[in-house]
Amino acid sequence: MFLDTCAIIELFLGSEEGDRVLEAIKEEDTFISILSYAEVALWCKRNREDFEIWKENTEKIANTVDLTPSICRDAAKITFEAKQSKKKFGIIDGIILASARSINQRLISKDRDFKGFEDVILI
């Protein structure tokens, strides 16, 4: 299972959505995008949370997927096509979904921008 940044944050917070993420990943290998480090670092700054604690806990449960030229190319295609029908769909979302697809994983997210993608589980 591939975790969107918001799913990782919900796990960190121990929220109801985080509990659903935990249930979904219980018996699966778990992955995150390298870009989630930047997004969570920013979230930690805004919310006065300790990024190092998040990093340590995340590295215990998730493998990091680095960017490649093919992920970037696929992300551009995903983002371009999504923007044809959705007003709000950014390149970071495209990169995270392309990263999940690059290793044949479903993405779990609470971000409604992913609504309509068959390989995304919305919590």
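Restricting the search to region 93-116, which residues are of a type outside the set (D, E, K, R), surrounded by fewer than 20 Cβ atoms within 10 Å (Cβ to Cβ) and at pLDDT 95 or above?
Ser102, Ile103, Asn104, Gln105 - these are the residues of region 93-116 that are of a type outside the set (D, E, K, R), surrounded by fewer than 20 Cβ atoms within 10 Å (Cβ to Cβ) and at pLDDT 95 or above.
Which residues, taken from region 46-60, are touching a helix residue (DSSP H, G or I) at 6+ places or on another chain (Cβ under 8 Å) and without any contact (Cβ under 8 Å) to a residue 40 or more places away in the chain?
First, the residues of region 46-60 that are touching a helix residue (DSSP H, G or I) at 6+ places or on another chain (Cβ under 8 Å): 49-51, 54-55, 57-58.
Residues satisfying the conditions are Glu49, Asp50, Phe51, Lys55.
Out of region 3-29, which residues are assigned to a helix (DSSP H, G or I), of a type outside the set (A, V, I, L, M, F, W, C) and farther than 17 Å from Val65 by Cβ? Give the steps one after another, and end with the answer.
We begin by selecting, within region 3-29, every residue assigned to a helix (DSSP H, G or I); these are 5-13, 16-25.
This time we only want the ones that are of a type outside the set (A, V, I, L, M, F, W, C), so: 5, 10, 16-20, 23.
Selection gives Glu10, Glu16, Glu17, Gly18, Asp19, Arg20, Glu23.
From the list Ile78, Ile71, Ile32, which one is in a strand (DSSP E or B), at pLDDT 95 or above and either closer than 17 Å to Ile123 by Cβ or in contact with a helix residue (DSSP H, G or I) (Cβ under 8 Å, 6 or more places away or on another chain) (or both)?
The unique qualifying residue is Ile32.
Inspect region 88-104 for any residue being free of Cβ contacts under 8 Å to residues at least 12 places away in the same chain and of a type in the set (D, E, K, R) and give the result as yes or no.
no
Could you tell me whether any residue of region 57-70 is more than 13 Å from Asp4 (Cβ to Cβ), in contact with an Asp or Glu (Cβ under 8 Å, 6 or more places away or on another chain) and surrounded by 18 or more Cβ atoms within 10 Å (Cβ to Cβ)?
no
State which residue is surrounded by the fewest Cβ atoms within 10 Å (Cβ to Cβ) when the search covers only region 81-92 and only residues that are part of a loop (DSSP other than H, G, I, E, B) and more than 16 Å from the chain's Cα centre (by Cα).
Lys87
Is region 42-55 home to any residue that is of a type outside the set (A, V, I, L, M, F, W, C), part of a helix (DSSP H, G or I), touching a strand residue (DSSP E or B) at 6+ places or on another chain (Cβ under 7 Å) and under 22 Å from Ile123 (Cβ atoms)?
Of the residues in region 42-55, the ones of a type outside the set (A, V, I, L, M, F, W, C) are 45-50, 52, 55.
Among the residues that remain, those that are also part of a helix (DSSP H, G or I) are: 45-47, 52, 55.
Subset that is touching a strand residue (DSSP E or B) at 6+ places or on another chain (Cβ under 7 Å): none.
The answer is no, given that none of the residues of region 42-55 is of a type outside the set (A, V, I, L, M, F, W, C), part of a helix (DSSP H, G or I), touching a strand residue (DSSP E or B) at 6+ places or on another chain (Cβ under 7 Å) and under 22 Å from Ile123 (Cβ atoms).
Considering each residue of region 1-36, count those that are more than 19 Å from Glu118 (Cα to Cα), of a type in the set (S, T, N, Q) and within 8 Å of the chain's Cα centre (by Cα), and give that number.
2
The values are calculated or read from the model by the stated rules, or taken from the named source; none is laboratory data. What you see is a predicted model, and the numbers here were worked out from it, not measured in a lab. Reconstructed Cβ throughout: ideal geometry from the backbone, glycine too, with neighbour counts over all protein chains shown.
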